[in-house]
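For reference, the structure discussed in these notes is given below.
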Amino acid sequence: MTHSEIFFLSAMGEWIRGPLAWAAFLICGAGIFIQYRRLLAMTRTQEPLQVIPLDEVQTRGSFADRLTGWLIFLRISILGHTPFMAGVSLIFHSGLMITPLFVLAHNELLDMAFGISFVSFSEAMTTKMTLLVVACGAFFFLRRIFVRRVRAITAPSDFVLLLIAVGPFLTGWLAHSHVLNYQLMIMLHILSAEIMLIMIPFSKFSHMIFFFVSRRLIAGEHGRITARRVWRYERLSNT
Amino acid sequence: MSEPTNLPVDPEPIREILKNHQQQIRLGLRMCAHCGLCADSCFLYRANDRAPEYMPSYKFLNSIGVLFKKKGKVGKPAVEEMGALVFENCVLCTRCYCPFGIDIPALITLGRRACRSQGVFRAYDK
Amino acid sequence: MIKAKPKSLAEIHGYIAPYRKVLILGCGGCVSVCLAGGQKEVEVLKTELAFSLTKENDTKQIRGYTVERQCNHRYLEELDETVKDLDCLLSMACGAGVQLLAERYPDKPVFPAVDTIAIGVDLDIGIYEERCRACGTCVLAYTAGVCPVTRCAKGLFNGPCGGTSGDHCEVSADIPCAWHEIYTRLKAQNRLADILKIQPPMEWANQVRRTIVQKGYERRYSGG
């Protein structure tokens, strides 16, 4: 490489590892908070009607009954209907959230920057986790192309966002394994992670927040039975 | 389906619906991950050979979703197609499941309202 | 819409005990909306029965399917071939749907899996209230939209009884007096004169099976 190329790359590298990183985390954090508040603002509390005296509510059944209940619930859930997709999604999302926290290199950076760090898994372990996430991403990619009902509602943005989500993991592994040019891969790794963070509040990635708000806080057939919020646009009574 | 009229689309009532419910519609469109997990919860999807046109997400994305993205500027044939989706392919049994909790029946209802404003509705006496 | 409540598993067990090939048939109409007999309830029932039957070493073949409605032959047509191979049908529809099924397949036992309770409204998810008893002589025009049949313990048509206590019924302090509410609403709408009109005794037409012919269709269903 020429001197100017090296200079340009290192200047860009400084920018990506410095201000852009701060910006990405800030935008992500603030964005998540703001989207959460906006979502909450679209709901209001509505106390469920109290028509059954407390002492008449059936006490929990036997262990066998409760176990049967849980097994039936699982059987008719998406885990029962589309076990492969549901399973892969579970593994993907778990890996997505957990892996970055326990990568040795990340914890070393944290330690160097702030003097704190999480527990680190062995590099062999985190490499396996990373590749698992990438493999799940590949499954999603193929599913989007080959499964009829998913193809019918797929838009180009779905592929772009999948790439953005899997990008940090793929480039992280490529960098760590030195398969391709390390400097390039590590820059792409940091950049793709920053893009992903920034996109979280502004794209369908925000289902991360929405999932918990709507399934835990909002009353509905598929949510928590005792949820006390409803959408503001819904008026089922005069309250 | 209602008799096709030759009147052009009157965009005002559609824009009114879109304006009054824009938060709700925008939320549904933003949150839909296009995952297709809602399909199995629709008995019509299962009863119609798993055709994608019966999938809850397909139904709302291609009715109120299209109206929202095009700001109500659609032609009559498009409205009639949407009418087929929301009146024929859906009975509003309100049991559709979405992993993210999108209120799909509410969006289908808005789609029906928009179609009705253009004289497109289900004819039960056919 | 019609509101229904699922029957107990024990009762359903009893119905299908002598039969091997069973089809649980859900309905995408009223019972779906009130969470009593839709596709999901069909699946739950199927799984529950499968669990309890394996414990008894019972070798039933239980299938599940949901049609758009069971109160119209048009939507039952697709079942004709399937039914030939069945020993019995377990319908999750309201009483009307169960009966139409039984009529369409008179040589097959048809069992109800839900109890049809009422014509009612949705108060919130999972809670429904009866509002109409299909008496056939609707007086809601004079009672500001409060039904004296379903909301008054005595079904009075011309004002409250002597037991009305402030705003609640003499039966219980938890039950609002329908006539108090009727009075309050009519007063707010300036229609108190409506209460002064004497309503004739209720015909209780809903004690006999009724057939309804809509306006314009009389000629179609006359003659013969």
Checklist entry - What are the pairs, 6+ residues apart or on separate chains, where a residue within the stretch A:1-18 that is modelled with pLDDT under 80 has its Cβ under 8 Å from a residue that is part of a helix (DSSP H, G or I)? => result A:1/A:9; A:9/A:183; A:9/A:187
Checklist outcome for this item: Among helices (runs of 4 or more DSSP H) completely within the stretch A:128-239, the ones holding 2 or more residues that are facing chain B (nearest Cβ under 10 Å) are A:148-152, A:156-176, A:207-217
Checklist entry - Just to be sure, is residue C:139 more than 20 Å from residue A:49 (Cβ to Cβ), surrounded by 14 or more Cβ atoms within 10 Å (Cβ to Cβ), outside the structural domain of residue C:10 (by TED's automatic domain parsing) and not acidic (Asp, Glu)? => result yes
Checklist outcome for this item: Note: among A:154, A:130, A:126, just one is touching a His at 6+ places or on another chain (Cβ under 6 Å), surrounded by 15 or more Cβ atoms within 10 Å (Cβ to Cβ) and hydroxyl-bearing (Ser, Thr, Tyr), namely A:154
Checklist outcome for this item: If we take the stretch C:1-99, then strands (runs of 3 or more DSSP E) inside it with 3 or more residues that are free of Cβ contacts under 8 Å to residues at least 40 places away in the same chain, surrounded by fewer than 24 Cβ atoms within 10 Å (Cβ to Cβ) and in contact with a helix residue (DSSP H, G or I) (Cβ under 9 Å, 6 or more places away or on another chain) are none
Item to check | Any hit, the stretch C:192-202, residues being over 27 Å from residue C:116 (Cα atoms), in contact (Cβ under 8 Å) with a residue 60 or more places away in the chain and outside any helix (DSSP H, G or I) | outcome: yes
Checklist entry - Taking the stretch B:30-47, which residues are touching a residue at least 12 places away in the same chain (Cβ under 8 Å) and more than 9 Å from chain A (Cβ to nearest Cβ)? => result B:38, B:42, B:43, B:44
Checklist entry - From the set of residues in the stretch B:70-96 that are within 10 Å of chain A (Cβ to nearest Cβ) and touching a Pro at 6+ places or on another chain (Cβ under 8 Å), which is nearest to residue B:32 (Cα to Cα)? => result B:96
Next on the checklist: Going by what's in this entry, would residue B:13 be described as farther than 30 Å from residue A:75 by Cβ, in contact (Cβ under 8 Å) with a residue 40 or more places away in the chain, in a helix (DSSP H, G or I) and not aliphatic (A, V, I, L, M)?
Outcome noted: yes
Checklist entry - Restricting attention to the stretch A:76-98, does a residue exist that is of a type in the set (Ser, Thr, Tyr), more than 14 Å from chain B (Cβ to nearest Cβ) and not in a helix (DSSP H, G or I)? => result no
Checklist outcome for this item: Reported set for the stretch A:29-63 where residues are more than 20 Å from the chain's Cα centre (by Cα) and among the small types (Gly, Ala, Ser) is A:41, A:61, A:62
Item to check | Matching entry among C:122, C:107, C:115 (being of a type in the set (Asp, Glu), surrounded by fewer than 21 Cβ atoms within 10 Å (Cβ to Cβ) and not in a strand (DSSP E or B)) | outcome: C:107
Next on the checklist: Consider the stretch A:191-213. How many of its residues are without any contact (Cβ under 8 Å) to a residue 40 or more places away in the chain and of a type in the set (S, T, N, Q)?
Outcome noted: 1
Item to check | First in the stretch A:148-175 and in contact (Cβ under 8 Å) with a residue 60 or more places away in the chain and at negative phi, second anywhere and assigned to a loop (DSSP other than H, G, I, E, B) and crowded, with 19+ Cβ neighbours inside 10 Å, Cβ under 9 Å, 6 or more apart | outcome: A:172/A:103
Next on the checklist: Condition first: more than 30 Å from residue C:42 (Cβ to Cβ) and not in a loop (DSSP other than H, G, I, E, B). Can you find one or more residues in the stretch A:55-66 that meet it?
Outcome noted: yes
Next on the checklist: Tell me yes or no: at least one residue of the stretch A:35-58 is within 14 Å of another protein chain (Cβ to nearest Cβ), over 30 Å from residue C:129 (Cβ atoms) and surrounded by fewer than 12 Cβ atoms within 10 Å (Cβ to Cβ).
Outcome noted: yes
Next on the checklist: Checking the structure you have, find out if any residue of the stretch A:113-125 is closer than 14 Å to residue A:169 by Cβ, hydroxyl-bearing (Ser, Thr, Tyr) and away from every other protein chain (no Cβ under 14 Å).
Outcome noted: no
Checklist entry - Any chance the stretch C:78-98 includes a residue that's acidic (Asp, Glu) and within 24 Å of the chain's Cα centre (by Cα)? => result no
Item to check | Residue list for the stretch C:143-156, restricted to those being buried (at least 18 other Cβ atoms within 10 Å of the Cβ) and either hydrophobic (A, V, I, L, M, F, W, C) or touching a His at 6+ places or on another chain (Cβ under 6 Å) (or both) | outcome: C:144, C:146, C:147, C:149, C:152
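The values are calculated or read from the model by the stated rules, or taken from the named source; none is laboratory data. Not measured: the values here are computed from a predicted model. With ideal geometry, Cβ positions are generated from the backbone for all residues, glycine too; neighbour counts draw on all protein chains shown.
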